[in-house]
1. Would you pick out the residues in region 12-39 that are more than 28 Å from SER72 (Cβ to Cβ), assigned to a helix (DSSP H, G or I) and in contact (Cβ under 8 Å) with a residue 24 or more places away in the chain?
2. Tally time: how many residues in region 121-138 are of a type outside the set (D, E, K, R), part of a helix (DSSP H, G or I) and either over 16 Å from MET34 (Cα atoms) or open to solvent by 30 Å² or more (accessible area, probe 1.4 Å) (or both)?
3. Report those strands (runs of 3 or more DSSP E) wholly inside region 265-368 carrying at least 1 residues which are acidic (Asp, Glu), open to solvent by 60 Å² or more (accessible area, probe 1.4 Å) and touching a residue at least 12 places away in the same chain (Cβ under 8 Å).
4. Which one of these does THR66 not meet: (1) open to solvent by less than 30 Å² (accessible area, probe 1.4 Å); (2) touching a Gly at 6+ places or on another chain (Cβ under 7 Å)?
5. I'd like to verify a number: residues in region 217-234 that are open to solvent by less than 70 Å² (accessible area, probe 1.4 Å) and more than 30 Å from VAL93 (Cα to Cα), how many?
6. Can you name the residue in region 151-165 that is out of contact with any strand residue (DSSP E or B) (no Cβ under 8 Å at 6 or more places or on another chain) and outside any helix (DSSP H, G or I) and, of all such residues, is most open to solvent (accessible area, probe 1.4 Å)?
7. Mind listing just one residue for me: the one in region 182-205 that is part of a strand (DSSP E or B) and at pLDDT below 95 and, of those, surrounded by the fewest Cβ atoms within 10 Å (Cβ to Cβ)?
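The values are calculated or read from the model by the stated rules, or taken from the named source; none is laboratory data. As the structure is a computational prediction, the values presented were derived from the model and not from experiment. Neighbour counts run over all protein chains shown; Cβ positions are idealised from the backbone, glycine included. Remember, those area values only see protein heavy atoms, side chains included, never the ligands or the DNA or RNA. Shrake-Rupley method; radii C 1.70, N 1.55, O 1.52, S 1.80 Å.
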Amino acid sequence: MAGYSLAREFRQLDKKTPLLMITGDDGRSYPKPMLSSAYQQGKEADDLALASSETMSKNLDAEILTHTRVESIHAQVRQVIVNGRAIDYRELVLAVGAQPIRLPLKGTGAADVLSVNNLQDYAEFRRLAVNARRVAIIGPGLIGCEFANDLLSAGKQVTVIGPDPYPISTLLPEQAGRALQSALQARGVEWQLQTVTGTIDRSGNAYSITLENGETVETDLVLSAVGLRPDISLAEAAGLAVNRGIVTDATLKSSVDGIYALGDCAEVEGRNLPFVMPLMLGAKTLARTLAGDPTEVDYPAMPVVIKTTLHPVVVSPPGSREGEWQVEQLEDGVKARFVSSTGELLGYALTGSAVDQKQALTRELDIG
């Protein structure tokens, strides 16, 4: 998504510079955020694909190498090595995304646990989910809750497991997380929180998950949604500065001249923002830089809409800024404002009926 977004923006500014894209998969263009909300809509992986690599190549006037991986980067001579062949570049953009965090699971069924991070993953998940009546989701964060909402809406029995005290605890104040928890529980979700998976054992086509709190969850499918980690391996091997992600300045330039990073893999001036809006803004900004007009990204307020349609949630995280949550419990939702000691609104979280106040609160935000 980051790579194609950048290519589109760049081609609007520069029609002539040769453009080479390298991808480890089949190169189809698709909206990645749909992966956690497409099942109940009955969408197959092919339904999510917007265009083939051949179509994208034609539309972008770009050469696209599919099912291909860069083996190494030789920054000093501006080359990447692909299948033993050196390819020169003027500028190189790493838009390699993030990879699922792999838990050290144990048991005879541990190897069968699925993660969904791309179109191929979704195809396998959908194939197996069709015949699954019960689904266990490890991870009560944003993606885990979106999958829970999606599968519940499709008529599945859903259990969500994780050590968190309440859902989406890294982004939401407790009252907002509890409101989501209660709403999904009322629709049938079973929560196993403040515990972790001990073993996952397979028996025929089903699984038995033993939790560290002593409880057992019987299920037909296990999905891991414990989060993603920026893919920094190629950058690190090439000597680029890395931290949580590939370290860049406000122009998205890495610590090495001629190399940039965009999307989930990037850490822009200390911020790793794995959401669609910062990705799209980054693509527009970087396209201008690559076209000869060095430009710094300027992030506005970027509220995150969480796709839990059974109990909508919108959050504008305050990040590391100092302040406190002021929470108002509504009849069907929660309105939470994160306010500084001098009264400025630094963030908010809205659930249920309170999401209607998104625009008003976004206008009020002090983005610093």
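1. GLN12, LEU13, PRO33, LEU35, SER36
2. Summing the residues that are of a type outside the set (D, E, K, R), part of a helix (DSSP H, G or I) and either over 16 Å from MET34 (Cα atoms) or open to solvent by 30 Å² or more (accessible area, probe 1.4 Å) (or both) in region 121-138 gives 3.
3. In region 265-368, 324-330 are the strands (runs of 3 or more DSSP E) which contain 1 or more residues that are acidic (Asp, Glu), open to solvent by 60 Å² or more (accessible area, probe 1.4 Å) and touching a residue at least 12 places away in the same chain (Cβ under 8 Å).
4. Every listed condition holds for THR66 apart from (1).
5. 6
6. Residues of region 151-165 out of contact with any strand residue (DSSP E or B) (no Cβ under 8 Å at 6 or more places or on another chain): 153-155.
Next, from what is left, pick out any that are outside any helix (DSSP H, G or I): 154-155.
Numbers: ALA154: 43, GLY155: 61 Å².
Residue satisfying both the conditions and the ranking: GLY155.
7. SER203
To keep it simple, each residue is scored yes or no on (1) under 30 Å from ILE81 (Cα atoms); (2) touching a residue at least 24 places away in the same chain (Cβ under 8 Å); (3) assigned to a strand (DSSP E or B); (4) of a type in the set (Asp, Glu).
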| position | (1), (2), (3), (4) |
| --- | --- |
| ASN213 | no, no, no, no |
| VAL217 | no, yes, yes, no |
| VAL222 | no, yes, yes, no |
| VAL247 | yes, no, yes, no |
